[in-house]
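Chemist: The structure's right below; bear with me while I get my questions together.
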Amino acid sequence: MSTLETGSSRHSAADVIAGLLAVASIILSAIAMGFGLLLELDARPGRTAFVAIILALVSARLSEKHQSLALKASLFAMFAWVVGMTLAVLTENPLI
């Protein structure tokens, strides 16, 4: 007979939501960094990167399993804010 594994290998609902929030933060950061300009979206890096940082911080607090992913997402969001603001100034697009 086979046995089901129980314990630390299973992900709880909070772990799954934290992972999704971290991935959403990375996607929003990419849009804020300049891919929104390439896709012709109205990407305003002041708003988009701020929301990405908040999502990453909520993700880090929500689950211990995805804290490293949330850390990488928050660092990427901060980098995306700098690059996005620089590109918005150089291309004369709106910041906020």
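Taken together, the values in this text are just the output of simple stated rules run on the coordinates, not laboratory data. Note that this is a predicted model, so its numbers are computed, not measured. Here the Cβ positions follow ideal geometry from the backbone for every residue, glycine too, while neighbour counts run over all protein chains shown.
Chemist: For the chain, what is the mean residue ellipticity at 222 nm derived from helices alone (per DSSP H run of n ≥ 4: -39500 (n - 2.57); sum divided by total residues; nearest 500 deg cm²/dmol)?
Modeler: On the way: 3 runs with 60 residues, N = 96.
About -21500 deg cm²/dmol.
Chemist: Mind listing the long-range amide H neighbours of His66? Cut-off is under 5 Å, sequence gap 5 or more, other chains count too, H placed in the peptide plane at 1.01 Å from N.
Modeler: Here nothing satisfies the definition.
Chemist: Continuing with this model, one more query. Placing +1 on the Cβ of each Lys and Arg and -1 on the Cβ of each Asp and Glu in the chain, which of Val51, Val16, Gly84 has its Cα farthest towards the positive end of the resulting dipole?
Modeler: Working it through, the farthest residue towards the positive pole turns out to be Val16.
Chemist: To the nearest 10 degrees, how steeply does helix 67-90 sit against the main Cα axis of the chain, on a 0 to 90 scale?
Modeler: That helix lies at roughly 10 degrees to the long axis.
Chemist: Measuring from label point to label point, each 7 Å out along Cα→Cβ, what is the Asn93 to Arg10 span in nm?
Modeler: So the label points at Asn93 and Arg10 sit 4.5 nm apart.
Chemist: In addition: Beyond 20 Å, how much of the Cα-Cα pair distribution for the chain remains, as a whole percent? Walk me through the numbers on the way to the answer.
Modeler: Working: 1904 of 4560 pairs.
The proportion of pairs with Cα distances above 20 Å equals 42 percent.
Chemist: When the dipole is taken about the Cα centre of the range 13-90, and only Lys, Arg (+1) and Asp, Glu (-1) are charged at their Cβ, what size is it in debye, to the nearest 20? Don't skip to the end; give the middle numbers.
Modeler: Details: 5 positive and 4 negative charges, 29 e Å.
With Lys and Arg at +1 and Asp and Glu at -1, about 140 debye.
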